[in-house]
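The values are calculated or read from the model by the stated rules, or taken from the named source; none is laboratory data. What you see is a predicted model, and the numbers here were worked out from it, not measured in a lab. Quick reminder, even Gly has a Cβ in these numbers, built from the backbone with ideal geometry, and neighbours come from all protein chains shown. Surface accessibility is based on the protein's heavy atoms, side chains included, excluding ligands, DNA and RNA. Shrake-Rupley method; radii C 1.70, N 1.55, O 1.52, S 1.80 Å.
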Amino acid sequence: VKNATRVVFASVHACGDLSDAILALAVEARAPVALVPCCHRGLGSARRLAKRLDDAMLRTRTDGDALAACGEEKKGNVSPSVAVDVARLETLRRAGYAVSAATLPREITPQNRVILGACASRCKAREDDENDDSGTENPGTTSPG
C-alpha cells in the first residue's frame, strides 16, 4: 500500500487484532485512519496498563488528554479496553501521526470510542526521505552523464 496518496483507512467494530492490523496498514501507507475498535481480547497486560493509568490519573490530570477524549471520568477507573485504545493512540503518535480520540453517542453503538489519526509533517518528511533514498528520479529531471 506504499505511496497510497488517496487512501483512507476506516473501520467500525474492528474486532480484536483487526484493529491493530488496520492501524499497521494505515501507518505503512501513511494514510489517515478512523477506527471504532471493539471486542478487546487478551486483556491481561491491558489490565496492568489500566492500573498504571489509574495511578497516573490520581497523581495528575489535565483536561484534553487521551483518556478524557475516550470518555473516561476523572475518578481513575480506566477499563482495560480503554487502556488498549490509549496504547493504540500512542502507537500512532510515535509513528508520526497527529492523533485524537472521540466518542459516538451510545445510542448508535455501545462500542463508541473512535481513534483518529492523520500523518503529521514528521511522518510526511520521513516518507520524502524514503523516496529520496529509493534512487528514483523526479519526472522531468535529467541525470548527468
Return the pairs, sorted by first residue and then second, in which the second residue is part of a helix (DSSP H, G or I) and basic (K, R), the first residue lies in region 10-28 and is over 20 Å from T103 (Cβ atoms) and modelled with pLDDT under 90, the beta carbons are less than 9 Å apart, and the residues are 6+ apart or on different chains.
D20/R88
Of (1) over 8 Å from the mean Cα position of the chain (by Cα); (2) open to solvent by 30 Å² or more (accessible area, probe 1.4 Å), A83 satisfies all except one. Which?
(2)
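Residues checked against (1) of a type outside the set (A, V, I, L, M, F, W, C); (2) at pLDDT below 80; (3) in contact with a Pro (Cβ under 7 Å, 6 or more places away or on another chain); (4) more than 24 Å from V12 (Cα to Cα):
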{"site": "A50", "(1), (2), (3), (4)": "no, yes, yes, no"}
{"site": "S81", "(1), (2), (3), (4)": "yes, no, no, no"}
{"site": "A95", "(1), (2), (3), (4)": "no, no, no, no"}
{"site": "V114", "(1), (2), (3), (4)": "no, no, no, no"}
{"site": "C123", "(1), (2), (3), (4)": "no, yes, no, yes"}
{"site": "E137", "(1), (2), (3), (4)": "yes, yes, no, yes"}
Hey, does region 30-46 have a residue that's over 18 Å from R94 (Cα atoms), modelled with pLDDT of 75 or more, hydrophobic (A, V, I, L, M, F, W, C) and buried (at least 16 other Cβ atoms within 10 Å of the Cβ)?
yes
